[in-house]
Amino acid sequence: MLRFGILSTAKIGRELVIPAIQDAENAVVTAIASRDGTRARQLADRFSVPHAFGSYEEMLASDVIDAVYIPLPTAQHVEWSIKAADAGKHVLCEKPISLKAEEIDSLIAARDRNKVLVSEAYMVTYAPVWRKVREVLASGAIGTLKHVQGAFTYFNRDPGNMRNIPELGGGALPDIGVYPTISTRFSTGKEPKRVQAVVERDPVFGTDIYASVKADFGDFELSFYIATQLANRQVMVFHGTEGFIEVKSPFNADRYGAEEVEVTSQNHNHSQVFRFPDSRQYRCQIEAFATAAEGGDAEIVSLESSKNSQHFIDAIYRAAEKDGWEAV
């Protein structure tokens, strides 16, 4: 059993990741740390976790954990991932693991010098729905892929929410722009060559709240829009010469409906629907990470892949400042 320490009492940990770790067959939460010891103890008691620490440093120095899960604000991800790795702990850090691609080089160095696993928590790459999309694409069922189309939107104008605070790494692209990009890269195995983009910022918060993106992958194009101040919507469509794949509720099934992959033939005379009523993508993520951390054979998100992901997001920001294409 890989023993996890949770570095902070953040909502995503409380609601999604801690339950997933406790549900996993090869991992367990043994400690929770907070800068407020009382909050750490309260959350530990809620999940019957034996150890609670009143500082992050104290937990990292302890021998009751093998790995840490980091759900801190984005701007703190690099710093604490390095500190955890230097403490000899495996690291699963929430996305995005950094705000600039070049910052990931320091994470790679920390991983290598400490011989630990450091991985970005892209739960979608472990989800059965996205494994199915990759399988269908590889089978040639929709012929030659020509276009991928996506959308991910929600509405949040809370000034106290980190997604609306630039200093904490807020913004639509770091929060949700990473999902159409990582899922396309994961399912096709291809990398973007150049991008065009329009980005809109909130006049009060200063964060990016809308982006419309076109990316050239060479063999096909990806077009998507994201927003943090539009009605909730999620969809991904992979359009080929012989048919198309529609991924319904591709990222957050519990909030946007049932997870389904529908494959439709060219002339619409045949379709298949693959349903995943209980995919438990966070549990899948934890079990794969724990297997890899213990030296087993499991596909995880490497820091090298994370660097490519961030190069993509960095290029979108640059493209928004100019007319025409920007190289990734």
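Structure note, pairs 83/193; 89/193; 214/248: Cα-Cα distances above 28 angstrom occur for 83/193; 89/193. Overall shape: prolate for the chain, with the ratio a/c of the largest to smallest alpha carbon gyration tensor axis at 1.5 or above and a/b above b/c. Would you mind getting me the FRET efficiency between residue 323 and residue 231? Use the beta-carbon distance for r and R0 = 25 Å, nearest 0.05. Computed FRET efficiency for residue 323 and residue 231 comes out at 0.25. The GluC sites (Glu not before Pro) of the stretch 1-103 meeting both criteria, a DSSP state outside H, G, I, E and B (loop) and at most 11 other C-beta atoms within 10 angstrom of the site's C-beta, are 25. Annotation: aspartates and glutamates with alpha-carbon distance below 14 angstrom to residue 11 (same-chain offsets under eight excluded): 94. When only alpha carbons are used to place a centre, the stretch 125-204 and the stretch 9-48 end up 28 Å from one another. Under 5 Å from the amide H of residue 147 lie the amide H atoms of 221, 239, each residue being 5 or more positions distant or on a separate chain, with H modelled from the backbone and absent for Pro and chain starts. Which one, 165, 104, 300, has the greatest fluctuation when you compute a Gaussian network model over the chain with C-alpha springs under 10 angstrom? So, out of 165, 104, 300, the one fluctuating most is 165. From the backbone phi of the stretch 219-228, what are the Karplus-calculated ³J(HN,Hα) couplings (6.51 cos²θ - 1.76 cosθ + 1.60, θ = phi - 60°) in whole Hz, Gly and Pro given as x? Going residue by residue, I get 7, 8, 10, 10, 10, 8, 10, 9, 6, 10 Hz, with x marking Gly and Pro.
For residue 193, the residues whose modelled amide H falls within less than 5 Å of its own, excluding neighbours fewer than 5 places apart on the same chain, are 216, 217, 218.
Using a cutoff of 8 angstrom between alpha carbon atoms and counting only pairs six or more residues apart, the relative contact order for the stretch 1-81 works out to 37 percent. Checking every one of the trypsin sites (Lys or Arg not before Pro) in the stretch 58-162 against DSSP loop status and a limit of 10 other Cβ atoms within 10 Å picks out 115.
Working note: Karplus 6.51/-1.76/1.60 with θ = phi - 60° gives the stretch 88-93 the couplings x, 9, 5, 10, 10, 10 Hz, where Gly and Pro are set to x. Comparing mean-square fluctuations of 244, 186, 47 from a GNM of the chain with C-alpha springs under 10 Å, the top value falls on 47. Computed from phi, the 3J(HN,Hα) profile of the stretch 193-210 under the Karplus parametrisation 6.51, -1.76, 1.60 (θ = phi - 60°) reads 9, 7, 9, 10, 7, 10, 10, 10, 10, 6, x, 9, 6, x, 7, 6, 10, 7 Hz, with x in place of Gly and Pro.
Dividing the helix sum by the residues of the chain, where each DSSP H run of 4 or more adds -39500 (n - 2.57), gives a mean residue ellipticity at 222 nm of -9000 deg cm²/dmol. Charged neighbours of residue 114, selected by a Cβ distance under 9 Å, balance to +2 (K, R count +1; D, E count -1).
Coordinate-derived values only; no laboratory data. Please read these numbers as outputs of a predicted model, since none were measured by experiment. Heads up, the Cβs are rebuilt from the backbone with ideal geometry, glycines too, and the neighbour counts pull from every protein chain shown.
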